[in-house]
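Below: one structure, written as structure tokens.
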């Protein structure tokens, strides 16, 4: 599933980082160009100043020219390199990265800073160029002074410029890098804050009961999703109308279906009383059996319809002993008809807060299933006990049981296992599971816990309210 928040975080972080990197690269190259221009101008200025000072110095006519030339071949101070290239009392380590020289037309050196391999021979090419010496590139500027007939060159090692460019670029880069880190921390917070109204509305919808179809307050929704909220409100209104129609249909169906079935059953019973013919009585009994089955199907369908309509369930305090006796009394006709031994087992605690009608329908369906599928002379047991914060229910029988591979499928509607001779609609366990889910519990099928060869145990765990 695509997350808009993750997408925005990823895209924004990549965009900000890319733009910052491009800006830093552009700043580095621009800084290098500016530094090159500055140092090139300084080289030219230094060269011109050097020529002027030299001829000013030569104004001393009392000195020997040869000795003057030797005196004017200078050597840089021996300053050790250090990690910070900081100035010392002797000078600066960068002195070894600078050189200059003046030659006459004959190529004799007149004044210079002696750097081995750098400006050793006259350079008769005016302007700027690069030379290679001592495993370094040197930037050289050369001019020719026609008034005095001399050549002059100034040189600067290229790593001086590189180091300064890198230091300036690094200092310029630090604020954007810190900014990107702050933005990376801020983006998730801003996105989460921006999506909080949407998440709040999502939680409101997710926490709603199926029967609660009131409209969402669109005033709390951001403008971008207000149309979606209004569409949901329209959907809620249509669902509420549909559910109301289903409730009315359920109520009408209960009356319209029960009444004719009851009438048919009465007529069949009257037929049995009015006739002595065995064949007619058998037919009337068949009609009564069919009406009973149809009535049971109708009751189960109506129960299932009420459950699916999402009607609110209010818990009440239920006396388990009283409920057990009511179930025993209601199931007694079927138990006697099939000659079954019915047991009721209760724990020490007898009261629980739960939805009484839902619990009654759940247990009645389980007991009805157990008694119908248990052969005559068999045994059915209902056990109810309270454990911690749960109500534990068990309906065990000595019937044929259900194969383990089929135990999940029998909870589906209208599913009946092959080879069953007992009449039924396949809705009993579907209703039971629906009730268990509505009551917030769990249900599982296991082999019977009765001391018999075969059978089924239905275990239900319901939370106490």
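Observations on the model:
- Taking other Cβ atoms within 10 Å as a rough exposure proxy, 97, 353 sort from fewest to most as 353, 97.
- The gain in end-to-end length when the residue 390 to residue 442 segment is fully stretched comes to 17.7 nm, 0.36 nm per residue minus the alpha carbon separation.
- Fewest neighbouring Cβ atoms within 10 Å first, the residues 342, 249 line up as 249, 342.
- Span from the the range 107-137 Cα centroid across to the the range 337-395 one, whole angstrom: 109
- Computed Kirkwood radius, in angstrom, where 1/r is averaged over Cα pairs of the range 208-250: 11.3
- Taking 47, 165, 374 and counting other C-beta atoms within 10 Å, the order from fewest to most: 165, 47, 374
- Protection proxy ranking of 264-273, 388-397, by the mean of other Cβ atoms within 10 Å over each peptide's residues and highest first, is 388-397, 264-273.
Computed from the coordinates by the stated procedures, all read-outs in this text should not be read as laboratory data. From a predicted model like this one, the values you see are computed outputs, not experimental measurements. Positions of Cβ are generated from backbone atoms using ideal geometry, with glycine treated the same way; all protein chains shown enter the neighbour counts.
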